[in-house]
Amino acid sequence: MIEAVKSRSRKRLITLTVNGEEHEIAIRPNAMLVDVVRDQIGLTGTKSGCSSGSCGACTLLIDGRPMLACSTLAVECDGKAIRTVEDLADGERLSPIQEAFLDQGAVQCGFCTPGMLMSVTALIASNPKPSHQEIKKALEGNLCRCTGYNAIFNAVLQATGQDGIKPIMF
Amino acid sequence: MSVSRALPHDAARLHVTGAARYVDDIPVPAGCLHLAFGLSTIARGAIRSMNLDEARGAPGVVAVLSAADLPFANDVSPSAHDEPLLATDRVHYLGQQLFLVVAESHLAARRAARLGRVEYDEEDPVLTIEQALAAGARFEEGPRIYEKGDARAAIAAAARTIEGTIEIGGQEHFYLEGQAALALPQEGGDMVVHSSTQHPTEIQHKVAEALGVPMHGVRVETRRMGGGFGGKESQGNALAVACAVAARLTGRACKMRYDRDDDMIVTGKRHDFRIAYRAGFDADGRIGGVEFVQYARCGWSQDLSLPVADRAMLHADNAYLLPACRIESHRLRTNTQSATAFRGFGGPQGMLGIERVMDHIAHELGLDPVELRRRNYYRAPGAGGLSAPRAAAPRPPESFPGKMKHVDPATDLTSRGAVSDLAPDRARAEGGGNTTPYGQAVNDFELHGITDVLMRTSDYDNRCRAVGEWNARGGPIRRGIAFSPVKFGISFTLTHLNQAGALVHVYQDGSVHLNHGGTEMGQGLFQKVAQVAASRFGIEPGAVKITATDTAKVPNTSATAASSGSDLNGMAVKAACDTIRGRMAEFLAELHQTVAAEVRFHDGRVRVGSHDMSFAEAAEAAYLGRVSLSATGYYRTPKLAWDRIRGVGRPFYYFAYGAAVSEVAVDIRSGEYRILRADILHDAGASLNPALDIGQIEGGYVQGAGWLTTEELVWDGKGRLRTQAPSTYKIPACADRPEVFNVALWDGANREDTIYRSKAVGEPPLMLGISAFLALSHAIASCGARYPALDAPATPEAVWAAVRRLGHGI
């Protein structure tokens, strides 16, 4: 019993490339990626909303694919490239999708925003002009309790230059 | 001027770059400890024994505390001192906190919290309305009753009557950021607490009590919440107090956050209600009298249930002039989570009661539901009607000097759960005949105009006809369309809470530091208030630094609740800015031999007669001239006087209005449905920021529709919440938003003198979601002759069952 506990807690060394920077870190084998990214690498932009893979707040990109960091073991990511919300802007210059979130008022409490942005970033990378149906599908795993989704939806349309959606801010 | 501009949320840029810090993102000192509660596994009984040895010995555990280990007050209640931080001898609901684990990591604390060995003498829990009534389990001595005229006689005398009952489910807040707190011990026994709370002053008060120090020994800071919706008005007390107590004990920083399952099991939700109704009306649908009996399941402790249930009574009329009305309200004590504040605070439940009555009457008479509603509306301002000339409303004094009841010193005076009030005997019914069941004159009724415009812009008549024709074909997909109005009372019903403070500094470089008592939970309050400050100084909002809410900067604040945030704090900030501006103007006027009234603050410039300088130069000159550039501001809402026991007076400064038309499609074979289109026209007065207001309206509508459709709370017979995760509790997702969503602001200014004539917008739009529920009822009604009498939430299962009840498909 005690031996089992010890082996479970024995740390493992893994290599993660996070936002282009390589990190060699010692982790517990049962550590979730969200905790490693937030607590060990110190990037708190990725949020933990439900810890059960149902709300999407922890969405980040693993080798370009949107994944739930709360339901992904960090050990599984050994040698992989992780991209988080902190990497979307180029210095002071926001990405078009970040700009669109500002322009459309798609941010209220902001807690779902990083996860939303990562899902949308993955969508646009593979599909620069997504249909309404494809946008819905891409965002189905990301819950927002504040906005009612309309502004978020319009932000995706603005960022992809569709439906003549213009910024509502003046 | 920066007010009325559509500017993004103040922290939007921080949010999209991941730089915005919530409590769990704040860097902590080395050695920070993490906390978790051990929870009750039964709903009711006596604790026979509690063995915590195994938890104490678990890896990473530093300490395990039970009630006996608490040094001072063991109470986290906002009102009646009936909510211990840790249970003493009895447990009252499944999920109640029994003991507190302090450990080196969040995970270690969570693991150890499951290792408590607790033995109970289990008793049958009181869970349902029937059980509570049978057991006499209630708050207050008996039901509250508000009356206007003789409703029973009016119903008896009416040509037609209806009666029925509607069950209205509760609602989980599901703020995306769970409850969280962080306590940092300071020198001399002081404590700094970061809390995800809508009510920093209450956190300060409860922490001070728990540490046995005066309130000045505790400073609470709240920069932002990841959503609140009322769920962080009182429900953060337990975490903050636990952190502070553990930090005092260990001398180390202590942090606590609930994982989602704990959050849903431990914290209170929207009150579920049953409303029984009886109404008498004439052949044209004009109501003569209505009786409501409202039963609210309040859960195990009082929390804010009394004012919630009061507000349900105060919205039993919604938009309708009821000649005679009787509202009876039962506040029932059950062995479930203590139901708490949730956007609308009882108003939505009360409003759904009368909207059900309207829907039922329209069905009974075969009358267009919009026309029926219009016939029963309050009269528009200036429309004399057949009533006697309006008597001048008695003006209650704005303050009540010298007359104060004895107040229990432990009472949290800044909580809505407080029961003390000042001189309610001054509350009087206002005259004029266009009055609510509680005697407040309705002098700002905007709904005639709003309804006219919305009917046109939503193309209601044509779409209504099209829906009728579609349903007449009798296919498996039915459509429904419905209209519902909102009239929502603005002010805390506990009159003394309607006050606010602000602190403003102007630095010598012309930059401005802004602080006020309101908290930011995503609603955009900080930006709106910054726009007010920028407008007063004639500078860009970017020159105003918005800072975290801090009990050391502005004391004795009310919760950011009751939609009051920008009304109260906007006015307090305006007062502070005007004080500084006045001092600067006076100084500059003297310097340039003119009068203060001739000094203009505009476009980042200050003009003094023929002299023109930047705001920064003016600030520097004022500093060199030894002028104080710092001021507090204060505001209290005028005209309020309310007696909640008699149910008479003016609890609200004004009303906010709105209306919605929703259209749905229902598959009657499965009960599945979709909202096809929503059209909304909402009254935000002269909006401080139209973009933020539209965001509140869209989000409020979807949240309200979620409450009445897919969001279902289920407890089993043991009192265990079975919907304690997003996998089983369904809030609206992206695909649930209406395909066509038209939202517009009503073009009008507040008739009362609010901040730039704007209106509160936090809660009222939630109730626009009632139209989606009524549209489902309309679609179902096409399946038979009887009234569907749909209960809420109308989940697909409930819709399926309602279709069958009408005899379809059997």
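The values are calculated or read from the model by the stated rules, or taken from the named source; none is laboratory data. Keep in mind that this is a model prediction, so the values were computed, not measured. Cβ coordinates were reconstructed from backbone atoms using ideal geometry, including for glycine residues, and neighbour counts include every protein chain displayed. When the accessible area is computed, the model is the full protein with side chains, heavy atoms only, and any ligands, DNA or RNA have been set aside. Shrake-Rupley method; radii C 1.70, N 1.55, O 1.52, S 1.80 Å.
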Next on the checklist: at pLDDT 95 or above, surrounded by 22 or more Cβ atoms within 10 Å (Cβ to Cβ) and within 10 Å of chain A (Cβ to nearest Cβ): which single residue out of B:19, B:11 fits that description?
Outcome noted: B:11
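Residues are listed down the side, and each one gets a yes or a no for (1) within 14 Å of chain A (Cβ to nearest Cβ); (2) surrounded by 24 or more Cβ atoms within 10 Å (Cβ to Cβ):
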site	(1), (2)
B:193	no, yes
B:211	no, no
B:248	no, no
B:252	no, no
B:255	yes, yes
Checklist outcome for this item: Checked region B:634-648 for anything farther than 9 Å from residue B:495 by Cβ and in a strand (DSSP E or B); matches are B:634, B:635, B:636, B:643, B:648
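Every residue, every condition in (1) in contact with a Phe, Trp or Tyr (Cβ under 8 Å, 6 or more places away or on another chain); (2) more than 14 Å from chain A (Cβ to nearest Cβ); (3) open to solvent by 10 Å² or more (accessible area, probe 1.4 Å); (4) of a type in the set (S, T, N, Q), yes or no:
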site: B:651; (1), (2), (3), (4): yes, yes, no, no
site: B:663; (1), (2), (3), (4): no, yes, yes, no
site: B:672; (1), (2), (3), (4): no, yes, yes, no
site: B:676; (1), (2), (3), (4): no, no, yes, no
site: B:683; (1), (2), (3), (4): yes, yes, no, no
site: B:690; (1), (2), (3), (4): no, no, yes, no
site: B:699; (1), (2), (3), (4): no, no, no, no
site: B:713; (1), (2), (3), (4): yes, yes, yes, no
Checklist entry - When you go through (1) in a strand (DSSP E or B); (2) surrounded by fewer than 16 Cβ atoms within 10 Å (Cβ to Cβ) one by one for residue B:140, which number turns out not to apply? => result (1)
Item to check | Total residues in region B:32-56, condition within 14 Å of chain A (Cβ to nearest Cβ) and surrounded by fewer than 22 Cβ atoms within 10 Å (Cβ to Cβ) | outcome: 2
Next on the checklist: Only one of B:223, B:219 is within 14 Å of chain A (Cβ to nearest Cβ) and open to solvent by 40 Å² or more (accessible area, probe 1.4 Å). Can you tell me which?
Outcome noted: B:223
Checklist entry - Picking from A:141, A:110, A:148, which residue would you name as being outside any helix (DSSP H, G or I), touching a helix residue (DSSP H, G or I) at 6+ places or on another chain (Cβ under 6 Å), more than 23 Å from residue B:678 (Cβ to Cβ) and facing chain B (nearest Cβ under 10 Å)? => result A:110
Next on the checklist: Six or more apart or on different chains, Cβ atoms under 7 Å: show the pairs whose first residue is in region A:154-170 and more than 12 Å from chain B (Cβ to nearest Cβ) and within 27 Å of residue B:528 (Cβ to Cβ) and whose second is among the charged types (D, E, K, R) and part of a helix (DSSP H, G or I).
Outcome noted: A:158/A:103
Item to check | residue A:54, sole failed condition from (1) farther than 28 Å from residue B:262 by Cα; (2) hydroxyl-bearing (Ser, Thr, Tyr); (3) within 11 Å of another protein chain (Cβ to nearest Cβ) | outcome: (1)
Checklist entry - Taking the condition more than 14 Å from chain A (Cβ to nearest Cβ), part of a loop (DSSP other than H, G, I, E, B) and touching an Asp or Glu at 6+ places or on another chain (Cβ under 7 Å), does residue B:29 pass? => result no
Checklist entry - Within the set of pairs 6 or more residues apart or between chains, which connect a residue that is farther than 30 Å from residue B:381 by Cα inside region B:450-470 to a residue that is surrounded by fewer than 17 Cβ atoms within 10 Å (Cβ to Cβ) with Cβ atoms less than 9 Å apart? => result B:470/B:477
Checklist entry - What tally of residues in region B:122-141 results from selecting those that are out of contact with any strand residue (DSSP E or B) (no Cβ under 8 Å at 6 or more places or on another chain) and at positive phi? => result 1
Checklist entry - Under the condition of being out of contact with any strand residue (DSSP E or B) (no Cβ under 9 Å at 6 or more places or on another chain) and of a type in the set (D, E, K, R), which residue from region B:582-618 is least open to solvent (accessible area, probe 1.4 Å)? => result B:603
Checklist entry - Among the listed residues A:100, A:81, A:106, A:125, which satisfies the condition of being open to solvent by 60 Å² or more (accessible area, probe 1.4 Å) and among the aliphatic types (A, V, I, L, M)? => result A:125
Checklist entry - On the given criteria, is residue B:634 under 31 Å from the mean Cα position of the chain (by Cα), within 30 Å of residue B:430 (Cα to Cα) and buried (at least 16 other Cβ atoms within 10 Å of the Cβ)? => result no
Checklist entry - Mind checking whether some residue in region A:71-86 is at the interface with chain B (Cβ under 9 Å from one of its Cβ atoms), under 27 Å from residue B:23 (Cα atoms), part of a loop (DSSP other than H, G, I, E, B) and without any contact (Cβ under 8 Å) to a residue 40 or more places away in the chain? => result no
Next on the checklist: Return the residues of region B:542-555 that are of a type outside the set (D, E, K, R) and modelled with pLDDT of 95 or more; say none if nothing qualifies.
Outcome noted: B:543, B:544, B:547, B:548, B:549, B:551, B:552, B:554, B:555
Checklist entry - Name the residues in region B:290-320 that are touching a residue at least 60 places away in the same chain (Cβ under 8 Å), under 16 Å from residue B:485 (Cα atoms) and either in contact with a helix residue (DSSP H, G or I) (Cβ under 6 Å, 6 or more places away or on another chain) or surrounded by fewer than 24 Cβ atoms within 10 Å (Cβ to Cβ) (or both), would you? => result B:315, B:316, B:318, B:319
Checklist entry - Within region A:128-148, how many residues turn out to be charged (D, E, K, R) and open to solvent by 40 Å² or more (accessible area, probe 1.4 Å)? => result 4
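Listed here are the residues, each with its yes/no results for (1) of a type in the set (Lys, Arg); (2) crowded, with 21+ Cβ neighbours inside 10 Å; (3) more than 9 Å from every other protein chain (Cβ to nearest Cβ).
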site	(1), (2), (3)
B:703	no, yes, no
B:721	no, yes, yes
B:725	no, no, no
B:735	no, no, no
B:742	no, no, yes
B:747	no, no, yes
B:750	no, yes, yes
B:756	no, yes, yes
Item to check | Filter result for the condition that a residue is surrounded by 16 or more Cβ atoms within 10 Å (Cβ to Cβ), part of a loop (DSSP other than H, G, I, E, B) and either in contact with a Gly (Cβ under 7 Å, 6 or more places away or on another chain) or at pLDDT below 80 (or both), over B:431, B:402, B:385 | outcome: B:431
